[in-house]
Amino acid sequence: MKHQDLLFTNDVAAELDKIVKDYGAPLTFILVDENTRHHVLPRLLSSATALSDAKIITVKPGDINKNLDSLALIWSELQNGGANRRSLMINLGGGMVTDMGGFAASTFKRGLRFVNIPTTLLSAVDAAVGGKTGINFNGLKNEVGVFNEADAVIISTCYFSTLPVEELHSGYAEMLKHGLIDNEENYNRLLSYRIEDADSGRLLSLLRESVMVKRRIVEEDPHEHGIRRALNLGHTAGHAFESLAMRRGNPIPHGYAVAWGCVVELVLSHMKAGFPSSELQRFARYVYDNYGSMHVTCDDYPEILELMHHDKKNISNEINFTLLSGIGEIMIDRTATEEEIKTALDIFRDLTHQ
């Protein structure tokens, strides 16, 4: 696994100028979506002197556009712009931009160097770090991609003021997941913090702690053969919720799906591994208060199960989960029957007051 520089700073332009100078790339490309181009790119370009000749590639926003058409557009822009293997790509945006930009850079000319600058809390704590790149395909999340870490990730909170509260909550769900798999002290600190009242310095400190939980796990298992699957807590159910919402034509934020997925999988953890009922109820109350609920009925269960069967973590025809026997007590590669999952969905609906 190549060395990756993780840089925590709110002076993004200065760090980026240094990186561009050190890499000595003859051509630099910046990938943004339409939102980031409007809200963030002008601020960065006004301060970063090394980007005066950078070529800008713009894609449509939203996870629904993390697809083959957008990927082909990026490849075309790189090709038309004269990119070669010495070029540098900067992915400036949320998880959709860093996921797809990382995949485009990893595959064009068999690989360009790339730097991620996450502009959302979700991408800072999750998508931009860890080396997972890819696109959605045929209605399924992240169906096509490669493992390849960015050469550097510049993590800051200075752009979060451009985000709606919903986006902050979406990213915070991944931080809560890291707390659940880390330890009680970290988890309790996160549950007592109000993301709506975030100040940039305090949030940067919490964000660093959360990202380092992920980094420790990724360094131990870069290609998800073992303990890295701990990071999938909440994602088997969460990705099914997300794909269901996409099929309905009403996409939901990734972090909201993960928060709801964590409730489902903590229910399974209680059923199958003795996760404490009091902690399950505490977490479910927090999720309901801050994320509401995923509106599903018994009629949706067959489709949810079908989507879970498509999950990349599965072995054979069994549905695979990461479960917890307690805070920080991780159990990977646990399976559940369809009847157990239906029961967990019933309890999820009860806990989140549908």
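The values are calculated or read from the model by the stated rules, or taken from the named source; none is laboratory data. All values derive from a computational prediction rather than experimental measurement. As a convention, Cβ positions derive from the backbone with ideal geometry for all residues, glycine included, and neighbour counts pool all protein chains shown. SASA here: full protein model, heavy atoms, side chains in, ligands and nucleic acids out. Shrake-Rupley method; radii C 1.70, N 1.55, O 1.52, S 1.80 Å.
Quick notes on this one:
- When a 1.4 Å probe is rolled over the protein heavy atoms, the share of accessible surface on the chain that falls to carbon and sulfur comes to 47 percent.
- The separation of the stretch 78-118 from the stretch 14-69, counted between C-alpha centres, amounts to 10 Å.
- When the chain is described by a simple charge dipole with +1 on each Lys and Arg Cβ and -1 on each Asp and Glu Cβ, the residue from Ile327, Phe29, Thr352 located farthest towards its positive end is Phe29.
- Dipole magnitude of the chain about its Cα centre (Cβ charges: Lys, Arg +1; Asp, Glu -1), debye to nearest 20: 1040
- Simple label model, 7 Å out from Cα along Cβ direction - Asn317 to Arg43, nm: 5.2
- Expressed in Å, the radius of gyration and Dmax of the Cα atoms of the stretch 273-354 are 13.6, 37.
- Exceeding the 25 Å Cα-Cα cut-off - candidates Lys60/Lys313; Lys21/Lys214; Lys21/Lys66; Lys141/Lys214; Lys66/Lys109: Lys60/Lys313; Lys21/Lys214; Lys21/Lys66
- Here the simple spin-label model places points 7 Å from the Cα toward Cβ, and for Leu191 and Gln79 these points are separated by 5.3 nm.
- Scaled radius of gyration (Cα, divided by 2.2 N^0.38 Å) that the chain gives: 0.97
- Residues in the stretch 231-270 reached by a label modelled at Met331 [backbone nitrogen below 15 Å; 7 Å Cα→Cβ]: 233-234, 265-270
- Cα→Cβ-extended label distance, 7 Å offset, between Lys109 and Asp17, nm: 2.6
- Of the chymotrypsin sites (Phe, Trp or Tyr not before Pro) in the stretch 175-280, those whose Cβ has at most 16 other Cβ within 10 Å and which sit in DSSP loop: Tyr193
- Normalised by 2.2 N^0.38 Å, where N counts its residues, the alpha-carbon radius of gyration of the stretch 90-173 equals 1.06.
- With the charge dipole of the stretch 1-159 set up from +1 on Lys and Arg Cβ and -1 on Asp and Glu Cβ about the Cα centre, the Cα lying farthest toward the positive end among the listed residues Phe114, Ala48, Val59 is that of Phe114.
- Membrane-span-like helices in the chain (whole DSSP H runs, Cα extent of at least 15 Å along the helix axis, mean Kyte-Doolittle hydropathy of at least 0.5): 95-107, 254-273.
- Around the Cα centre of the stretch 1-102, unit charges on the Cβ atoms of Lys, Arg, Asp and Glu (plus for the first two, minus for the last two) sum to a dipole of about 220 debye.
- Considering only the Cα atoms of the stretch 208-250, their convex hull presents on average a projected area of 4.0 nm².
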